[in-house]
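Structure, as structure tokens:
The values are calculated or read from the model by the stated rules, or taken from the named source; none is laboratory data. Given the structure is predicted, the values throughout are model-derived calculations rather than measurements. Reconstructed Cβ throughout: ideal geometry from the backbone, glycine too, with neighbour counts over all protein chains shown.
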Amino acid sequence: MSLGSAMQISASGLTAERLRLDVISNNLANVDTTRGPNGQPYRREIVTLAERQPGGDSFHAMLIALRGGPEDEAPGAGVEVTSIQPDYSTPYKVIHDPGNPDADANGNVRMPNVNPIIEMVDMISASRAYEADVTAINAAKQMQTRAIDIGRA
């Protein structure tokens, strides 16, 4: 694996974690949204990440194919967001608030299925992953700089 591909893999992680942080922020911003555009309470969104498969037309993939080597020898190509889906596994919370304009005949209001504690834990996880990707990019840059310095000597 070259230093350039290491930086591309880390950059894909940065992009994915940034999107994940955006979705978490959106979930937290809508923690009290009882009526969305569809008339229903806001439903928490979940980001799904997966390994990005190396392109079949990359030079490295072509060399492996010509050599007849195993496909698992090809380096990973980073990470990508495969979907952003509403969370249907968690039910809406129901609170009793007869004064709320969205209350039903019994005075109950359906609240979003957003748990701020879970969102904060996810936010910490995403920010740590983002920091790790930044550290990996900085390490690759330092290695490239040192390799150039060695070449000059």
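Values as computed for the structure displayed
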| item | result |
| --- | --- |
| Selected residue [modelled with pLDDT under 95, of a type outside the set (G, A, S) and within 30 Å of A139 (Cα to Cα)] from P37, P70, P101 | P70 |
| The lone exception for P54 - which of (1) outside any loop (DSSP other than H, G, I, E, B); (2) at pLDDT below 90; (3) surrounded by 17 or more Cβ atoms within 10 Å (Cβ to Cβ) it fails | (1) |
| Failed item, numbered, when D87 is tested on (1) more than 18 Å from the chain's Cα centre (by Cα); (2) of a type in the set (D, E); (3) at pLDDT 95 or above | (1) |
| Matching residues in the stretch 18-51 - criterion: being within 25 Å of Y130 (Cβ to Cβ), of a type in the set (S, T, N, Q) and surrounded by fewer than 15 Cβ atoms within 10 Å (Cβ to Cβ) | S25, T48 |
| Matching entry among I137, I117 (being out of contact with any His (no Cβ under 6 Å at 6 or more places or on another chain), of a type in the set (A, V, I, L, M), under 25 Å from V23 (Cα atoms) and at pLDDT 95 or above) | I117 |
| Failed item, numbered, when E119 is tested on (1) more than 14 Å from V31 (Cα to Cα); (2) in a helix (DSSP H, G or I); (3) in contact (Cβ under 8 Å) with a residue 40 or more places away in the chain; (4) of a type outside the set (S, T, N, Q) | (1) |
| Among (1) loosely packed, with under 11 Cβ neighbours inside 10 Å; (2) touching a helix residue (DSSP H, G or I) at 6+ places or on another chain (Cβ under 9 Å); (3) not hydrophobic (A, V, I, L, M, F, W, C) - the single one S125 does not satisfy | (1) |
| Number of the condition not met by D133 [criteria: (1) acidic (D, E); (2) surrounded by 12 or more Cβ atoms within 10 Å (Cβ to Cβ); (3) within 30 Å of T33 (Cα to Cα)] | (3) |
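For every residue, the table says whether it meets (1) more than 29 Å from S25 (Cα to Cα); (2) touching a Gly at 6+ places or on another chain (Cβ under 7 Å); (3) among the small types (G, A, S); (4) touching a residue at least 40 places away in the same chain (Cβ under 8 Å).
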residue: V109; (1), (2), (3), (4): no, no, no, yes
residue: P112; (1), (2), (3), (4): no, no, no, yes
residue: A136; (1), (2), (3), (4): no, no, yes, yes
residue: T145; (1), (2), (3), (4): yes, no, no, no
